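We did not get these values from a lab; they are worked out from the coordinates using the rules stated. In this text, all values refer to a predicted model and were calculated from it rather than measured experimentally. Glycine also receives a Cβ, built like all others from the backbone with ideal geometry; neighbour counts cover every protein chain displayed.
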Amino acid sequence: GQQVQQSPSSLVLQEGENAELQCNFSSTATQLQWFYQSPGGSLVSLLSNPSGTKHTGRLTSTTVTKERRSSLHISSSQTTDSGTYLCAPLNQGGSAKLIFGEGTKLTVSS
Amino acid sequence: EAAVTQSPRNKVAVTGGKVTLSCNQTNNHNNMYWYRQDTGHGLRLIHYSYGAGSTEKGDIPDGYKASRPSQENFSLILELATPSQTSVYFCASGDGVVFFGKGTRLTVV
């Protein structure tokens with residue numbers, strides 16, 4: 001079945017620095033969704049895209065489904081970006097089973 | 001934005017008792033999911049559903065049943081709750097982009 005690996009598992013930044021988070025998956029996917037989870041909170045969808053690059057605010061997601069990888073770039077990090085970032089590949093038209101990576105825990109200090 | 005509502009938000013249950021966690025979505029999504037989240041394990045899929053009447057086993061279904069009586073509702077049932085099922089449970093729905101509920105904190109004593 002689908003396996004999802006995220007790296008790094010944790011990342012510590014100074015405010016203003018950029019972050020690059022990686023997501024690799026083992027089986028076919030037609031799109032990749034990135035989520036944010038605040039400490040003790042629920043998951044919020046950040047970006048969802050098939051192959052290609054998608055931007056929203058300071059976030060850029062680049063997904064290459066043929067190579068089974070995606071990255072999330074956070075520019076000019078802020079303390080409020082601290083939390084856990086998770087990715088989940090989805091194969092629309094195939095199984096609805098949705099498996100998550102274990103996440104990258106981001107800590108941004110001022 | 002799509003809404004997924006979980007109830008209860010907090011629950012304390014006794015070992016051996018029956019627990020039902022409820023999830024409702026009004027987005028007309030076909031796919032719904034139940035996950036548990038524990039420190040050190042991330043989000044693990046318990047059961048999911050393709051639509052009313054369907055339930056599928058996820059990666060950790062043992063000790064859990066699921067029920068999808070309608071498009072809107074998806075329940076997770078613990079027939080005989082055990083302390084190892086103490087966790088935070090999340091429901092989600094979505095047919096492409098997925099949306100999550102706020103979670104249910106279950107403590108089995």
Check: How many partner chain Cβ atoms sit within 10 Å of a residue's Cβ in peptide B:94-104, on average, as a whole number?
Finding: 5
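Kindly put B:D95, A:D81 in sequence by how many other C-beta atoms sit within 10 Å of each C-beta, fewest to most.
Details: B:D95 15, A:D81 18.
Listing B:D95, A:D81 from fewest to most nearby Cβ atoms yields B:D95, A:D81.
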Notebook entry, point to check: In whole Hz, what ³J(HN,Hα) sequence does segment A:60-67 give by Karplus (6.51, -1.76, 1.60; θ = phi - 60°), x for Gly and Pro?
Noted result: 10, 10, 10, 10, 10, 5, 4, 9
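Given charges of +1 on the Cβ of Lys and Arg and -1 on the Cβ of Asp and Glu, with all other atoms neutral, how large is the dipole of segment A:1-98 about its Cα centre, in debye to the nearest 20?
Numbers: 6 positive and 5 negative charges, 84 e Å.
Computed charge dipole of segment A:1-98: roughly 400 debye.
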Next item on the list: Compute the relative contact order of segment A:4-109 as a whole-number percentage, counting only Cα pairs closer than 8 Å that sit 6 or more residues apart in sequence.
Entry: 38
Next item on the list: Would you please name the trypsin sites (Lys or Arg not before Pro) within chain B that are DSSP coil residues with at most 16 other C-beta atoms within 10 Å of their C-beta?
Entry: B:R9, B:K18, B:K102
Checklist line | Most mobile listed residue (B:F74, B:F99, B:F90) in chain B, GNM with C-alpha springs under 10 Å | finding: B:F99
Checklist line | C-alpha center-to-center spacing [segment B:2-47, segment B:63-109] in angstrom | finding: 2
Note to self: Give me the percent relative contact order of segment B:4-108, please, defined on Cα pairs under 8 angstrom at least 6 residues apart.
What the structure shows: 37
Check: What base-10 log of the normalised intensity I(q)/I(0) is obtained for segment B:4-108 from the Debye formula, alpha carbons as equal point scatterers, at q = 0.14, 0.19 Å⁻¹?
Finding: -0.46, -0.87
Item checked: Stokes-Einstein diffusion coefficient of segment A:1-105, Kirkwood radius over Cα pairs, 20 °C, 1.002 mPa s, in µm²/s -> 156
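Dipole magnitude of chain B about its Cα centre, charges +1 at Lys/Arg Cβ and -1 at Asp/Glu Cβ only, in debye to the nearest 20? Numbers along the way, then the final one.
Numbers: 10 positive and 8 negative charges, 66 e Å.
Its charge dipole is roughly 320 debye.
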Checklist line | Above-threshold pairs, the threshold being 29 Å between Cα atoms, out of B:K18/B:K57; B:K65/B:K102; A:K105/B:K65 | finding: A:K105/B:K65
Next item on the list: Search the structure for amide H atoms under 5 Å from the amide H of A:S95, placed 1.01 Å from N in the peptide plane, and list their residues when 5 or more places away or on another chain.
Entry: none
Next item on the list: Give the order of B:V109, B:V97 when sorted by the count of other beta carbons within 10 angstrom, beginning with the fewest.
Entry: B:V109, B:V97
Notebook entry, point to check: Once you treat every alpha carbon in the protein assembly as shown as an equal point and sum by Debye, what is log10 I(q)/I(0) at q = 0.13, 0.14, 0.16 Å⁻¹?
Noted result: -0.74, -0.85, -1.07
Item checked: Backbone HN-Hα couplings from phi across segment A:95-110 [Karplus 6.51/-1.76/1.60, Hz, Gly and Pro as x] -> 5, 7, 4, 10, 10, 9, x, 7, x, 10, 8, 9, 10, 10, 10, 8
Check: Using the 10 angstrom Cβ neighbour count as an exposure proxy, how do A:T56, A:T63 rank, fewest first?
Finding: A:T56, A:T63
Check: What are the ³J(HN,Hα) values, in whole Hz, obtained from phi via the Karplus relation 6.51 cos²θ - 1.76 cosθ + 1.60 with θ = phi - 60°, for each residue of segment B:73-89 in sequence order, with x given for Gly and Pro?
Finding: 10, 9, 10, 10, 10, 10, 5, 10, 5, 10, x, 5, 8, 5, 5, 9, 10
